[in-house]
Amino acid sequence: MDVLVVVLRLVHVVFGVFWAGTLIFFATFLMPAIQQTGPDGGNVMAALQRRGLLNVIPVAAILTVLSGIWLYWRLSDGFSNAWMNSPYGHAMAGGGVLAIVALAIGLGVMRPAALRVTALAAAMAANPGDPANAARGADAQKLRQRVAAAGRIVAILLVLATAAMAVARYL
């Protein structure tokens, strides 16, 4: 038994399930509910940020991708051309690429927009009578739409990545 491979698979699967499940829930249920609540949606995002969600998801995603790359290297015997050109290797690589793209969108689009929404919500809550709150609210709504759209894309990418890896050995 190769203990390192067991640990890598454990990290990859557990954090991958958390990452994918959270994003699927986020895109399917949470963001639409937040958008329906209007300005109060900013308070929900702020509460999620205070609980650390916007820090935990990227950590889980990075651990998933890094452990996946390491597993791919181990399973392919150092990126062996023959293994990588097999249907199994192609499916695993395709799933990995989809996950890396999902990570890039999450870190490059979703997280910054979500952090900005929470900052705008905090500014609005700290200054309830400020005339600038109308503009802040409009900006927050646009950013929520960006987060929701990126979240849907990331969720789809993660479903496809998970599906590719789940069926890879049967190809």
In debye to the nearest 20, the charge dipole size for the chain, taken about the Cα centre with +1 at each Lys and Arg Cβ and -1 at each Asp and Glu Cβ, equals 180
Of the labelled options [x] 37, 19, 16; [y] 38, 14, 12; [z] 25, 18, 15, which one gives semi-axes √(5λ) of the Cα gyration tensor in Å as computed for this structure? [y]
Of ASN81, PHE18, TYR170, which is farthest towards the positive pole of the chain's charge dipole, taken about the Cα centre with +1 and -1 on the beta-carbons of Lys, Arg and Asp, Glu respectively? PHE18
So if I take the centroid of the Cα atoms in segment 20-72 and the same for segment 86-147, what is the distance between those two points in Å? 9
What the 10 Å binned alpha carbon P(r) of segment 1-91 shows, as percent of pairs per bin from 0, is 16, 32, 25, 16, 10, 1
Which is farthest toward the positive dipole end of the chain among ALA113, LEU160, TRP70, measuring Cα position about the Cα centre, with Cβ charges +1 (Lys, Arg) and -1 (Asp, Glu)? ALA113
At 222 nm, what value in deg cm²/dmol follows for the chain if DSSP H runs of at least 4 each add -39500 (n - 2.57) and the sum is divided by all its residues, to the nearest 500? -27000 deg cm²/dmol
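Output the peptides 153-163, 66-76, 122-132 sorted from most to least packed, where packing is the average of other Cβ atoms within 10 Å over each peptide's residues.
Taking the mean over residues of other Cβ atoms within 10 Å, the ranking is 153-163, 66-76, 122-132.
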With +1 assigned to the C-beta of every Lys and Arg and -1 to the C-beta of every Asp and Glu, and no other charges, what is the dipole magnitude of segment 107-171 about the Cα centre in debye, to the nearest 20? 200
Hydropathy at least 0.0 by Kyte-Doolittle, axial extent at least 30 angstrom from the Cα trace: which helices of the chain, defined as entire DSSP H runs, fit? 3-25, 53-75, 133-167
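Read-outs: derived from the displayed coordinates by stated rules, not from any lab. What you see is a predicted model; the values in this text were computed from it and never measured. For neighbour counting, all protein chains shown are included, and Cβ atoms are generated from backbone atoms with ideal geometry for every residue, glycine included.
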